[in-house]
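Notes to accompany the following structure.
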Amino acid sequence: MRAERGRLAGLLAGHSWLGLICSWVLALVFLTGAMTMFQQEIDLWEKAPASLGSVEQPRISLDRILSATPIPSTVRDKRVEVLLPGAKSAFYHVYVYDEAGDYEREHAFHPVTGAEWPDPQQSYLGEFLEEFHKRLFLSEGRYIVGIATAVFLLNIITGLVIHWPKLTWRGLTHPRLDRPRLRWLDLHVSLGIFALPFLIVITFTGTLFSFSVLLQQSLVAGRLHMNPRPAIALLAPHPPVAELAHIGMRIEGTDTLIADAARRLQMTPTRVSLLHVDDRAAMMTVIGEPEGSFAREGRVSYRLSDRSIAQSRPIANGNALARGESVLLSLHYGDFGGFALRLLYFVLAVAGCILLATGNLHWIEKRLAQPRLPRGLHLVAGLSVGTCGGGMVALAGSMMAARLLPPLWPQRADAVVSTFVVLLLASEMVGLIWRRHPRRSLIGLLAAAGFGYALLPPIDWLVFGARLPTAIAAGDWAVPIIELLSAILALTCFACARWLRRDPLQAVTLRRTKAKRHEVVEG
Amino acid sequence: MNMAFRQPGRPKRPGEAVWSRSVAGVLLGGLASVSLATNVTWLPLPLDVALLLALLLAVPIWVALIFYSFWAQSWARAWMAIATITLPSLLFNLAMFYAS
């Protein structure tokens with residue numbers, strides 16, 4: 001019995017301390033991850049009004065896009081990678097490389113009109129949120145995210161071991177909101193249990209992705225005698241090799257080949273890769289995924305000179321590692337289902353942020369009940385306020401910047417990223433400077449974020465005018481989806497701020513109630 | 001053997017040496033999990049299957065070892081147990097590397 005108590009105490013100490021330390025990173029990772037579920041819609045929303053009405057419309061042919069792509073004559077051996085419009089991309093994204101040099105350019109084209117988007121790298125919000133989610137926008141940040149996610153997975157298990165014997169259906173559905181210490185614990189446990197399958201899937205796959213490169217290299221280093229090439233080739237198979245013929249040839253009929261590959265392997269084409277462009281030895285590989293299944297990949301390579309098939313890799317023939325990784329990727333990003341699944345992932349990820357916040361509040365409440373307040377209590381409260389409120393403010397601010405800054409401004413992407421980073425750091429400063437008044441700081445930050453999110457839909461309708469209802473009537477729902485997400489986030493922020501205003505919660509005022517003081521004195 | 005490395009008579013505090021347990025679980029446990037998962041890659045399986053199996057095992061082993069470092073009755077017991085797993089698996093990898 002005593003040993004059991006000691007073990008549980010060890011688990012509880014690990015659960016609360018490791019959870020607290022990692023919560024600040026994880027809250028931001030969950031928030032940006034929630035937005036990443038709708039990366040394509042964010043891309044379309046950011047490019048609106050130019051992108052309005054581009055969904056569900058007949059697309060311009062790839063031949064015309066390729067002929068409109070400017071490639072300097074100095075590029076000797078041209079390689080072109082095309083991201084086709086669809087689930088992975090809003091526009092045609094064309095990447096031009098020189099196999100023999102260091103030339104590299106990205107171009108984007110409207111999928112219906114074919115008009116070139118002047119600087120595709122300036123509409124960057126969706127990509128930035130994904131980068132932040134994966135590696136906190138730091139060069140080696142993936143390992144910080146990986147460790148924090150692994151600790152979160154551990155905390156799910158320790159939380160289950162600690163709370164499982166006490167779980168009741170009534171306890172989960174009726175949190176004791178009137179009991180100062182227990183309300184946070186009840187909310188924390190309820191959110192953790194109801195979101196449990198999602199949290200396990202997300203944290204397991206997330207940890208694996210953060211360490212996958214490091215793990216793959218180290219796991220087979222011995223077996224492959226330090227030569228990583230066979231392992232890399234499993235994930236990135238080489239296209240058929242062909243030597244340059246040095247005889248010019250114009251590329252035509254790519255759309256017919258894309259349709260042929262789609263019919264042959266029963267897949268939806270997502271990418272096209274062209275080698276030795278404008279040469280007689282040109283090769284074209286069509287890569288696609290089957291609809292309605294976990295992300296498996298098929299690819300067909302054609303010789304463009306005689307349109308014969310050079311290599312065909314049917315969807316079922318992928319190697320176990322590539323197929324395993326793509327299944328994990330689909331589970332993590334929820335792209336194996338439709339809109340409803342992605343919205344569920346979004347809501348559960350926001351619930352994950354609230355789970356972390358309630359955990360921190362419970363940590364503070366427990367320390368407030370101790371006879372002597374721990375030294376770092378105000379610091380923890382300040383950092384929690386700065387991260388939870390600051391993440392919301394930073395996201396709202398960057399979305400506002402993405403909507404209001406001119407699309408052709410050359411510093412646009414930098415300004416959007418800077419807005420996010422500056423607002424996040426400023427919020428952390430607010431939390432730390434006014435750490436003795438965390439309730440006031442948190443209400444202020446949440447209200448500011450709520451107003452930011454609430455203003456986005458009216459601004460959209462004001463800027464786009466009649467083009468927005470026309471696009472919606474034509475089946476283009478990208479902008480209304482982002483407005484729906486803004487509305488959900490605005491409501492969450494306002495509801496939390498209102499609750500904090502009406503109910504002077506102990507954990508965010510850092511003041512003990514009189515009764516508790518008496519208890520402490522008497523104790 | 002006094003596995004807790006405490007002065008005799010000193011009472012054990014609940015959740016003692018959180019930092020020591022964290023280091024044992026996160027760092028040494030990380031090394032142990034990679035080492036154990038690497039053992040799997042020596043099985044006579046195709047490279048893709050062996051690598052996928054090892055990848056899928058590495059994270060759960062790691063999390064289980066961090067869990068054990070907090071579940072153990074003392075931080076010293078956690079260190080001893082994880083080190084006991086790490087050393088033979090590292091040695092097995094080395095032996096297989098030189099034998100292959």
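The values are calculated or read from the model by the stated rules, or taken from the named source; none is laboratory data. Bear in mind that the values here come from a model prediction, so they are computed numbers and not experimental data. Here the Cβ positions follow ideal geometry from the backbone for every residue, glycine too, while neighbour counts run over all protein chains shown.
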Quickly run through region A:32-58 and pick out the residues that are small (Gly, Ala, Ser), within 23 Å of the chain's Cα centre (by Cα) and more than 19 Å from A:His107 (Cα to Cα).
-> A:Gly33, A:Ala34
Can you tell me how many residues in region A:327-341 are buried (at least 18 other Cβ atoms within 10 Å of the Cβ) and either charged (D, E, K, R) or not in a helix (DSSP H, G or I) (or both)?
-> 2
Flag if A:Phe204 is of a type in the set (Phe, Trp, Tyr), under 23 Å from A:Tyr345 (Cα atoms) and surrounded by fewer than 19 Cβ atoms within 10 Å (Cβ to Cβ) = no
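Can you tell me which residue among A:Gly324, A:Gly397, A:Gly390, A:Gly359 is surrounded by 19 or more Cβ atoms within 10 Å (Cβ to Cβ), in contact with an Asp or Glu (Cβ under 8 Å, 6 or more places away or on another chain) and not hydrophobic (A, V, I, L, M, F, W, C)?
Checking each option against the conditions leaves just A:Gly390.
Tell me yes or no: at least one residue of region B:53-69 is within 7 Å of chain A (Cβ to nearest Cβ) and over 13 Å from the mean Cα position of the chain (by Cα).
Scanning region B:53-69, I find at least one residue that is within 7 Å of chain A (Cβ to nearest Cβ) and over 13 Å from the mean Cα position of the chain (by Cα), so the answer is yes.
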In region A:143-154, is there at least one residue being assigned to a helix (DSSP H, G or I), touching a Ser or Thr at 6+ places or on another chain (Cβ under 8 Å), more than 8 Å from chain B (Cβ to nearest Cβ) and surrounded by fewer than 17 Cβ atoms within 10 Å (Cβ to Cβ)?
-> yes
Please work out if B:Leu87 is more than 7 Å from chain A (Cβ to nearest Cβ) and within 16 Å of A:Ser218 (Cα to Cα).
-> no
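Would you check if there is a residue in region A:112-120 being of a type in the set (A, V, I, L, M, F, W, C), surrounded by 15 or more Cβ atoms within 10 Å (Cβ to Cβ) and under 22 Å from A:Gln39 (Cβ atoms)?
First pass over region A:112-120, keeping only residues of a type in the set (A, V, I, L, M, F, W, C): A:112, A:115, A:117.
Now restrict to residues that are surrounded by 15 or more Cβ atoms within 10 Å (Cβ to Cβ): A:112, A:117.
Still in the list and also under 22 Å from A:Gln39 (Cβ atoms): A:112, A:117.
Yes - at least one qualifying residue is present in region A:112-120.
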Return the only residue of A:Leu83, A:Leu20 being in contact with a helix residue (DSSP H, G or I) (Cβ under 9 Å, 6 or more places away or on another chain) and at pLDDT 85 or above.
-> A:Leu20
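Any residue at all in region A:312-326 that's in a strand (DSSP E or B), more than 30 Å from A:Trp184 (Cβ to Cβ) and touching a helix residue (DSSP H, G or I) at 6+ places or on another chain (Cβ under 8 Å)?
Looking for residues that are in a strand (DSSP E or B), more than 30 Å from A:Trp184 (Cβ to Cβ) and touching a helix residue (DSSP H, G or I) at 6+ places or on another chain (Cβ under 8 Å), one finds at least one in region A:312-326, hence yes.
So that you can scan it fast, the table gives a plain yes or no per residue for (1) modelled with pLDDT of 90 or more; (2) more than 25 Å from A:Phe152 (Cα to Cα); (3) small (Gly, Ala, Ser):
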residue: A:Gly338; (1), (2), (3): no, yes, yes
residue: A:His378; (1), (2), (3): no, no, no
residue: A:Leu383; (1), (2), (3): no, no, no
residue: A:Gly390; (1), (2), (3): yes, no, yes
residue: A:Gly397; (1), (2), (3): yes, yes, yes
Restricting attention to region A:404-414, which residues are crowded, with 18+ Cβ neighbours inside 10 Å and over 19 Å from the mean Cα position of the chain (by Cα)?
-> A:Arg412
Segments classed as helices (runs of 4 or more DSSP H), wholly inside region A:170-240, with at least 2 members that are within 14 Å of chain B (Cβ to nearest Cβ) = A:196-219, A:229-235
Condition broken by A:Pro371, with the remaining ones in (1) under 17 Å from A:Val29 (Cβ atoms); (2) away from chain B (no Cβ under 14 Å) satisfied | (1)
Options B:Ser22, B:Ser100, B:Ser74; residue that is among the small types (Gly, Ala, Ser) and more than 8 Å from chain A (Cβ to nearest Cβ) | B:Ser74
Out of curiosity, is A:Ala242 surrounded by fewer than 19 Cβ atoms within 10 Å (Cβ to Cβ) and touching a Leu at 6+ places or on another chain (Cβ under 8 Å)?
-> yes
Search result, residues across region A:59-98 that are surrounded by fewer than 18 Cβ atoms within 10 Å (Cβ to Cβ), under 29 Å from the mean Cα position of the chain (by Cα) and not in a strand (DSSP E or B) = A:Arg59, A:Gly86, A:Ala87, A:Lys88
In region B:8-100, which helices (runs of 4 or more DSSP H) lie fully inside it and hold 2 or more residues that are of a type outside the set (Phe, Trp, Tyr), out of contact with any Phe, Trp or Tyr (no Cβ under 7 Å at 6 or more places or on another chain) and crowded, with 19+ Cβ neighbours inside 10 Å?
-> B:29-41, B:47-71, B:75-99
Here are some residues: A:Leu408, A:Leu424. Which one is in a loop (DSSP other than H, G, I, E, B), of a type outside the set (Ser, Thr, Tyr) and in contact (Cβ under 8 Å) with a residue 40 or more places away in the chain?
-> A:Leu408
Within region A:267-297, restricting to residues that are at pLDDT 85 or above and among the polar types (S, T, N, Q), the one that is farthest from the chain's Cα centre (by Cα) is A:Thr285
